[in-house]
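Notes follow once the structure below has been shown.
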Amino acid sequence: MALNHGAHAFLSREDEGGGCAVAAPPESRAAVEALLHRLEGDLEVETLADQQGLATAITAIVDCLRADMETAVLAMHPADEGAVAAYFEFAHALTVQTRIQEVGREMSAMIELVTGHEPTPEMALTFQFPD
C-alpha cells in the first residue's frame, strides 16, 4: 500500500513539475511506472536486471516518502496523525528497499559463485534464478 501511494505521489509530483521527482534521475520515472503494474501481490524478482530496476523505483519512492514525512513533521506536530501516517508509509517503503538491496547482493554473489566472475550487464539480464 505504501509503495503504491508513494509511486503515485512520485509520478504526480513529477507531472506537476515539482516535489521529490525533480532531483530524481530520468530512469526513475520509467522504473516507478513499471513497478506500479507489479504492485498487486508479491514482487517476484527473476533476474539481477529486474532487481536493479526495482531498486531504482523503490529508491525514488523512498526518497519521495521521506520528503513527504519531513514536510508533514515540520508543517504540523511530530505526533500529528498526518505526520505519523507519513512516517509509517516511509518506514514501510524503507523496509522494502532494504530487502530489495539484500536480494540484489545475494543475486550478485550467486552469479559470481556460479560463473567465477562479477556479474556483467549481460549476465544481469540473462542469468535466471530458480523459484
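Every number in this text was worked out from the coordinates using simple rules, so none of it is lab data. Keep in mind the model is a prediction, meaning the values are calculated, not measured. Note: ideal-geometry Cβ built from the backbone for every residue, glycine included; neighbour counts use all protein chains shown.
Compute the angle between helix 2-16 and the longest alpha-carbon principal axis of the chain, please, reported from 0 to 90 degrees and rounded to the nearest 10. So the helix axis and the longest Cα principal axis differ by about 70 degrees. The label point for MET1 and the one for GLU33, both projected 7 Å from the Cα toward the Cβ, are 2.8 nm apart.
Computed from Cα positions, the angle between helix 81-115 and the longest principal axis of the chain comes to roughly 10 degrees. Only Cα pairs under 8 Å and 6+ residues apart enter the sum, and on that basis the relative contact order of the chain stands at 29 percent.
Taking GluC sites (Glu not before Pro) that fall in a DSSP loop and have at most 10 other Cβ atoms within 10 Å as cut points, what is the longest piece of the chain between them? Between the exposed loop sites, the longest stretch runs 45-131.
Spherically averaged projected area of the convex hull of Cα atoms, the chain: 8.7 nm². Here the peptides 51-57, 73-79 are ranked by packing, the mean other Cβ count within 10 Å, and the order with the highest first is 51-57, 73-79. Approximating the spin labels as points 7 Å out from Cα along Cα→Cβ, the ALA85-to-VAL114 distance works out to 4.4 nm. For the pair PHE129 and ARG105 in one chain, pulling the backbone fully straight at 0.36 nm per residue adds 7.3 nm over the alpha carbon distance.
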